[in-house]
Every structure is written in structure tokens, then in C-alpha cells.
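Visitor: First the structure, then my questions, so here it is.
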Amino acid sequence: MQEQYLDDLYVGQTFGTPSLTVSAEAIKAFAQQFDFQPFHLDQEAAKSTFFGELVASGWHTACLTMKILLEGDYRPAGGFIGGKADELRWPNPTRPGDVLTCTTEILEIRPSATRPGQGTVKMRTTTFNASKEVVYILVMNGIAQRRPAV
């Protein structure tokens, strides 16, 4: 897949990703290292918590989103470079067995007034499970490269 430059993008453009299945083992492994709360570590202990079941850390969901974004249709020249997040939400938990996919929509494009070789792309990335429940939303202002002059 070819890289996209700021000049290739338009408002309303959308990009998809492949799917990824989340396992209980992966949820627990991430939690053991980064978010060791009982609802991320142990199915039995999770039953008496807010969630009532084992769920992935929101940060794990964010990392899984990044993984499938990198495998998806949007390939920004120079890579995904975040500048400023406007919104970050986890409306529903990610559960063992969930099959995640993402959609990224271009919301705004702003060429830089001071750096002619780049600009900013505001995009909304939404991660869904197989039931089309939203598990993660990120609205990010990313730095995008302009197409080099010929």
C-alpha cells in the first residue's frame, strides 16, 4: 500500500483496518505489566468488580488499536505522529473474544503556515467490536508530511 501525504487526503475520507481477536491471555499479560487491577487480571476476582467480568485495560485497547492502524489502509508518509488529542474515550469495555476493527475518518486538514513541508490532520479513530459496539474513540491532530516538490 502506498503512503499518503497531506496533499492526498480530503475531509470525510475514511480508512479501515484488518481485524484482531483479543484473548483472555493477552488481556492478563498486558495487565500484569501495565494495569494490574483485578478486573484485568482474574476472571473470578473480576466478578465482584464494577465490570463483573474480565475486561481489557483501556490502554491495552489503545495499543491494540495502534497495532491494527499500522496494518490498515491509512499509511501516512513519515508514520503516525500525534500532536494533540482532542478526545479520548472508552464507551464500552473490550472483552476476551472480541474481534476489533477500526475506522479512521479525516475531519480537518490544515497545511502549516510556518512549516511548508507539513501540516496537521485532525482524524477520528473509532474501534469497534464484532457487535459494532464502540470500545475506543480517539480524535487526534496528527502531523502529516506534504508531498515533496518534484
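Visitor: If Thr126 passes every condition in (1) outside any strand (DSSP E or B); (2) polar (S, T, N, Q); (3) crowded, with 16+ Cβ neighbours inside 10 Å but one, which one does it miss?
Guide: Single failed check for Thr126: (1).
Visitor: Right, another one. Only residues that are over 18 Å from Thr14 (Cβ atoms) and of a type in the set (Phe, Trp, Tyr): list them for region 73-90, please.
Guide: Once the filter is applied, which keeps residues that are over 18 Å from Thr14 (Cβ atoms) and of a type in the set (Phe, Trp, Tyr), region 73-90 yields only Trp90.
Visitor: Looking at (1) closer than 20 Å to Gln2 by Cα; (2) outside any loop (DSSP other than H, G, I, E, B); (3) aliphatic (A, V, I, L, M), can you tell me which one Val135 breaks?
Guide: Val135 satisfies every listed condition except (1).
Visitor: Look through Pro116, Pro111 and report the one residue that is modelled with pLDDT under 95 and in contact with a Gly (Cβ under 8 Å, 6 or more places away or on another chain).
Guide: Pro111
Visitor: Count, please, the residues in region 55-108 that happen to be within 20 Å of Glu3 (Cα to Cα), part of a loop (DSSP other than H, G, I, E, B) and touching a residue at least 60 places away in the same chain (Cβ under 8 Å).
Guide: So the answer is 7.
Visitor: Specify which of the listed residues (Glu25, Glu44) is in a helix (DSSP H, G or I), loosely packed, with under 14 Cβ neighbours inside 10 Å and either among the aromatic types (Phe, Trp, Tyr) or modelled with pLDDT of 95 or more (or both).
Guide: Sole residue among the options that is in a helix (DSSP H, G or I), loosely packed, with under 14 Cβ neighbours inside 10 Å and either among the aromatic types (Phe, Trp, Tyr) or modelled with pLDDT of 95 or more (or both): Glu25.
Visitor: Let me ask another. Scan region 119-135 and tell me whether some residue there is of a type in the set (A, V, I, L, M, F, W, C), more than 11 Å from the chain's Cα centre (by Cα) and closer than 16 Å to Leu9 by Cα.
Guide: yes
The values are calculated or read from the model by the stated rules, or taken from the named source; none is laboratory data. Worth saying up front: this structure is predicted, and the values here are computed from it rather than measured. Positions of Cβ are generated from backbone atoms using ideal geometry, with glycine treated the same way; all protein chains shown enter the neighbour counts.
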